[in-house]
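Have a look at the structure below, then the notes.
The values are calculated or read from the model by the stated rules, or taken from the named source; none is laboratory data. The model shown is predicted, which means the values in this text are computed figures rather than measured ones. Cβ atoms come from the backbone with ideal geometry, glycine included; neighbour counts cover every protein chain shown. Surface areas here come from the heavy atoms of the whole protein model, side chains and all, with no ligands, DNA or RNA. Shrake-Rupley method; radii C 1.70, N 1.55, O 1.52, S 1.80 Å.
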Amino acid sequence: MKASDAGGVAGAPASRSGLFGGADARVPLSSRKGLACLLALIVLVLATRPYTGIAQDGHLYAVQALRALGGEALGQDLVFRYGNQGDFALFGKLYAPAIDALGLGRATFAFWLLGLAAWLASLVVLTRTVFGGTRRAFIAAGLALALSSGYGNLLLGYGEAYVTPRPLSETFSMLALAMLWRGAHLSGGALLLVALAVHPLTGLAALTVGAWIALGDWKRFAILAAVGSGMAFGLAWSGIGPFVWLLQALDPEWFALTRLRDSIVYPTGWNASLIFASLQLSVTVLLLVRLAGPSRRASFAIGLIGVACAMLLVSVVGADLLGNRLIAALQFWRVLLFVTLFGNLLAIEALRLSQRRVANVLILSLGIAVAEAALGLVPLGSAIVALGALLSAVAGRAGAGRARFVLDVLALSVAALGALLAASLIGTNAFALTDEAYGWKTALRIAAIALALTWLMRPPGRAEARAALVAGLGAVSVGLGTSIDDRTAMQRFDTGVSPIDPAIVAALDGKTVYWEEGVGLLWFKLGMPSYFSCRQKSGIQFFRGQALEFERRAQALRGLNSGDFGGYVLGNCPQKLDPTQTGPQRAEQIDKACAAAGDLDVLVLRNRVADAAPRAFKLPTDPSDGMSGSTAYYLYRCAKDQPG
């Protein structure tokens, strides 16, 4: 493949901004420079994606694998009682044998480490395909790692630091897109099928982007979409699941519950500021690449925006307005993953092609975005500054006169506002790092990100400076190696060998148990179903029975005001009955919960309610695990004639 094929046109214009001198020099992977750049990327991936164990919806994929290994009791859990979406994906069939061979804890770490390595390798393949094997490809990969990966309403992000099928599907997706970019349609298509099998939602998003890369024409894209839709309707009329869902709509009760409890599925329910924060920088980059002039990257950039708009429209009409069961389940808006990814890695191209004044504002936005991502902030400040960069680019095309003056003033004002907001938020957050362990880890990771990006963007020419930077990277690498484990003590206990008091295990045996924020303890430590956890709502979009039963249990228990319930109505979890309370304060609250649930035997809570005669016990975990500073639990029985 020629270098011009990667970028789209031969003789691409030199950088108008004068930035990143030498970035177009070819850097073989096996050269010293190539290996040094790979080291910088490894440092970046460890600094931005430390090991978080079984977290978020990673709980669901772990319990699916445990059930597949013969966890019969787990089959009674709410996530399996009405069906499970994991049955449509290949991931569990890979995860379960690893757990069987290594144990849950070791298998999860191995999947994280090997999965992250494969994901990084596929990112490098993609960037070296798009940028033709130059140093610019390494810079692009570095920006993709250092910038915010969030998309949609920022509840999801690419390259997640915990084990789910999404990063593995992204790995095959990036390889597929690289092959399609090179014109290898057969191998690209095969890799897309693997991505679909591993995680259908991510694979489907990659399929739409891959179709645009392969076709590059709206008419052919529309024809392919029509053929695909026709095939889906044919499968639906044949009664083949889950395609048969295409002929079904969610009834009003189910629809209302999913909009309330699983709002991520419906774009019209997203927070407007989060949409702006997640998209503005990426959209600005893609538009700047397009505005710079015709090239393959420019055609792809504007096409990607068009594909994303089309898929968002499908989601809004099919899911939000019509309540179609299949369209809601497939979440076509997930193509925004690739808007964020390509927006981040094409930022170096936007800088190369933009006028200096635009590039300077964009550099400010990127710098703020890196800081926001390192501190875990919503990238709102960088998004506002990016809007200023876009306005500056529009002003540059407006010619001389009053219109340009107004646009210039507006661009400068918007960028200044974003910078001030970012400075306030970043400063406040940085000074709030009072926890010693978290503080030093964060500081180390920020130093690692800064050193790695410095190396990638402008490696020093003098031998002494180069040696100092290499030594710094080496030292930071050693430090990261000792701090990549971000699990809480409770997470370690969930998958570790330390036992729970046998007397407590006996008290729970054969009982229906609600354990406050203890779904991991029940699933992984005891192999028992959980009566209620916010994690169990993941399948409510797919199965009506699960949605209704989840809501029934939530309403029965929300009066406990326990940690499984949120403080406000539109949170990720159902709201507490009293948002000001932390756990029950009176025995009456426990009695009401037991009566409302009807089928609950035992509650394990963090609060001691003296007049409810609880049985106290402790777990052998470090009190610094973030669990309200306590390892004490209290066991309550619903049946009043039984001792506590």
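Structure notes:
- Condition met for A190 (open to solvent by 40 Å² or more (accessible area, probe 1.4 Å) and at pLDDT 95 or above): yes
- Single residue of F617, F542 found to be touching a helix residue (DSSP H, G or I) at 6+ places or on another chain (Cβ under 9 Å) and within 30 Å of Q248 (Cβ to Cβ): F542
- In segment 228-249, the qualifying residues are those that are without any contact (Cβ under 8 Å) to a residue 12 or more places away in the chain and closer than 15 Å to L204 by Cβ, and the one that is least open to solvent (accessible area, probe 1.4 Å) is G228.
- Some residue of segment 267-289 being part of a loop (DSSP other than H, G, I, E, B) and surrounded by 19 or more Cβ atoms within 10 Å (Cβ to Cβ): no
- Unique match (being at pLDDT 90 or above, of a type in the set (D, E) and farther than 30 Å from L326 by Cα) among D77, D24, D5, D100: D100
To keep it simple, each residue is scored yes or no on (1) in a helix (DSSP H, G or I); (2) more than 23 Å from the chain's Cα centre (by Cα); (3) more than 26 Å from I275 (Cα to Cα).
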{"residue": "G70", "(1), (2), (3)": "no, yes, yes"}
{"residue": "D87", "(1), (2), (3)": "yes, no, yes"}
{"residue": "L94", "(1), (2), (3)": "yes, no, yes"}
{"residue": "P97", "(1), (2), (3)": "yes, yes, yes"}
{"residue": "R128", "(1), (2), (3)": "yes, yes, yes"}
{"residue": "L145", "(1), (2), (3)": "yes, no, no"}
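- Restricting K511, K537 to residues that are out of contact with any Phe, Trp or Tyr (no Cβ under 9 Å at 6 or more places or on another chain) and basic (K, R) narrows the list to K511.
- Residue within segment 556-573 that is of a type in the set (K, R), within 24 Å of the chain's Cα centre (by Cα), farther than 30 Å from R445 by Cα and not in a loop (DSSP other than H, G, I, E, B) present: no
- Of the residues G318, G293, G303, the single one that is at pLDDT below 95 and either over 24 Å from the mean Cα position of the chain (by Cα) or assigned to a helix (DSSP H, G or I) (or both) is G293.
- Restricting the first member to segment 324-353 and to residues that are open to solvent by 10 Å² or more (accessible area, probe 1.4 Å), and the second to residues that are among the aromatic types (F, W, Y) and assigned to a helix (DSSP H, G or I), the beta-carbon pairs closer than 7 Å and six or more apart or on different chains are R325/W245; L326/F243; L326/W245.
- Scanning segment 570-595 for residues that are open to solvent by 60 Å² or more (accessible area, probe 1.4 Å), at pLDDT 90 or above and of a type in the set (A, V, I, L, M, F, W, C) yields L577, A595.
- Number of residues in segment 30-47 that are closer than 18 Å to A118 by Cα and either touching a residue at least 24 places away in the same chain (Cβ under 8 Å) or open to solvent by less than 10 Å² (accessible area, probe 1.4 Å) (or both): the value is 12.
- In segment 383-435, of all residues being among the charged types (D, E, K, R) and in a helix (DSSP H, G or I), the one that is modelled with the highest pLDDT corresponds to D408.
- When A118, A96 are screened for being in contact (Cβ under 8 Å) with a residue 24 or more places away in the chain, in contact with a Leu (Cβ under 8 Å, 6 or more places away or on another chain), surrounded by fewer than 21 Cβ atoms within 10 Å (Cβ to Cβ) and within 30 Å of V27 (Cα to Cα), only A118 passes.
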